[in-house]
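The values are calculated or read from the model by the stated rules, or taken from the named source; none is laboratory data. The shown structure was predicted, so the numbers you read here are calculated from the model rather than taken from an experiment. Because the Cβ atoms are built from the backbone with ideal geometry, glycine has one as well, and the counts that use them run over all protein chains shown.
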Ligand SMILES: [Zn+2]
């Protein structure tokens, strides 16, 4: 498993509005800060300003349920970022 721990039964499938990265997360909220855009954040921004600066939001596309489905999507998405074919979408 690439995005979530083994044996994950339920996770969210997110797509970032900023960088377009698609990923799985254990979060199940409508919107979460993009973990990939966050890496580019200015380290000098204080913790209080972090949420304000976090305009890179990943939207929940769908909730994936079931160990097999989670594993399948995890595999597909990790293949996509490592240069795999995205035609499966
Ligand atoms: Zn992003």
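Listing for the model above:
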{"read-out": "Residue pairs meeting the criteria (Cβ under 8 Å; at least 6 apart or on separate chains; first closer than 12 Å to residue 2 by Cα and free of Cβ contacts under 8 Å to residues at least 40 places away in the same chain, in segment 18-30; second within 7 Å of the ligand (Cβ to nearest atom) and outside any loop (DSSP other than H, G, I, E, B))", "value": "25/58"}
{"read-out": "Looking only at segment 19-35, and only at residues there that are assigned to a loop (DSSP other than H, G, I, E, B) and more than 9 Å from the ligand (Cβ to nearest atom), the one that is surrounded by the most Cβ atoms within 10 Å (Cβ to Cβ)", "value": "27"}
{"read-out": "In segment 1-18, the residues that are in a loop (DSSP other than H, G, I, E, B) and in contact with a helix residue (DSSP H, G or I) (Cβ under 9 Å, 6 or more places away or on another chain)", "value": "1, 2, 3, 4, 6, 7, 8, 9"}
{"read-out": "Close pairs (6 angstrom Cβ cut-off, 6 or more residues apart or separate chains): under 10 Å from residue 24 (Cα atoms) and more than 16 Å from the ligand (Cβ to nearest atom) in segment 55-73, at pLDDT 95 or above and assigned to a helix (DSSP H, G or I) anywhere", "value": "64/70; 64/73"}
